[in-house]
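This report refers to the structure that appears directly beneath it.
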Amino acid sequence: MIAESSTQLKELKQEQLRRLQLERVRFYEPHPQQLAFHKSMAPIRAIVAGNQFGKTYAGVMESIWLAGKVHPYRENFVGPVYGRACGVTFETMNKAMLQHFKHAMPRKEAVINGLKWPGLRGGDWDKACLWNNNEKAIFLADDSFIEFRSYDQDVETYSGSQRHFIWMDE
């Protein structure tokens, strides 16, 4: 009996560690200034702050909430959501922004903020994330997506598309 309980406890701790590493959005607790940003009902919102404030992290969480229709403070969209995240270069986005997405987004369906998260397309990061010369995006199981653009791209790459949200990182 004790050995069985010990094994179960070890398995539970491993699952908890996995979720903390790969489903950080489920455990996100914004600090007061981030919370004010998330709760704001303004149509255009911004965080202006210094280094290591958490601007990028708050933007990632906001994007995940919006794309996955699990925002705890705003009315969620209906149907597939099309979002865009912009950063200085794809190299810098890959080092910070994309890594935050990778560690925050649950691969499979989950409950976040009491709402159903659709999961990633194919239930797997590699199947859901396209990062090549032609396309840079993360696709969710419900056909929602977050595409990525860099400030050093031609202006034409930004034109002609309708998006539910656009997030511009520093």
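The values are calculated or read from the model by the stated rules, or taken from the named source; none is laboratory data. The shown structure was predicted, so the numbers you read here are calculated from the model rather than taken from an experiment. As a convention, Cβ positions derive from the backbone with ideal geometry for all residues, glycine included, and neighbour counts pool all protein chains shown. Surface areas here come from the heavy atoms of the whole protein model, side chains and all, with no ligands, DNA or RNA. Shrake-Rupley method; radii C 1.70, N 1.55, O 1.52, S 1.80 Å.
The distance linking the range 130-148 with the range 28-98 is 17 Å (Cα centroid to Cα centroid, whole angstrom).
Compute the semi-axes of the equivalent ellipsoid of the chain, taking the square root of 5 times each eigenvalue of the Cα gyration tensor, and list them largest first in whole Å. Kindly include the intermediate steps, with their values, before the conclusion.
Details: eigenvalues 171, 70, 54 Å².
Semi-axes from the Cα gyration tensor: 29, 19, 16 Å.
Roughly how many Å² is the accessible area per residue of the chain, as a whole number, for a 1.4 Å probe? Please report the intermediate quantities before stating the final value.
Values: 10180 Å² over 170 residues.
With the other protein chains kept in place, the chain gives 60 Å² per residue.
Highest mean first, what order results for 70-76, 102-108 on Cβ atoms within 10 Å? Walk me through the intermediate numbers first.
Numbers: 70-76: 14.3, 102-108: 18.1.
Ranking the peptides 70-76, 102-108 by packing returns 102-108, 70-76.
Across the range 82-170, Cα pairs under 8 Å and at least six residues apart give a relative contact order of 43 percent.
Among 149-157, 32-40, how do they line up by average Cβ neighbours within 10 Å per residue, starting with the highest? Kindly include the intermediate steps, with their values, before the conclusion.
Details: 149-157: 11.1, 32-40: 14.4.
Ranking, from highest mean packing down: 32-40, 149-157.
Subtracting the Cα-Cα distance of Ala36 and Glu11 from 0.36 nm times their residue separation leaves 5.3 nm of extension gain. Can you compute the FRET efficiency between Gln162 and Ile44 using 1/(1 + (r/R0)^6), with r the Cβ-Cβ distance and R0 = 25 Å? Round to the nearest 0.05. In this case the efficiency is close to 0.90.
Lys and Arg at +1, Asp and Glu at -1: add these up for the other residues within a Cβ distance under 13 Å of Val81 and post the number. Spell out each step's value before the answer.
Working: positive: Lys69, Arg74, Arg84, Arg163; negative: Glu62, Glu75, Asp142, Asp143, Glu147.
Summing Lys and Arg as +1 and Asp and Glu as -1 gives -1.
Hydrophobic, long helices, defined as DSSP H runs whose alpha-carbon span along the helix axis is 20 Å or greater and whose mean Kyte-Doolittle value is at least 1.6, do not occur in the chain. Share of carbon and sulfur in the accessible area of the chain stands at 53%, probe radius 1.4 Å.
Hey, which of these cross-link pairs are over 24 Å Cα-Cα: Lys55/Lys102; Lys55/Lys95; Lys69/Lys108; Lys39/Lys69; Lys10/Lys69?
Values: Lys55/Lys102 17 Å; Lys55/Lys95 15 Å; Lys69/Lys108 15 Å; Lys39/Lys69 15 Å; Lys10/Lys69 33 Å.
In this structure, Lys10/Lys69 lie more than 24 Å apart at Cα.
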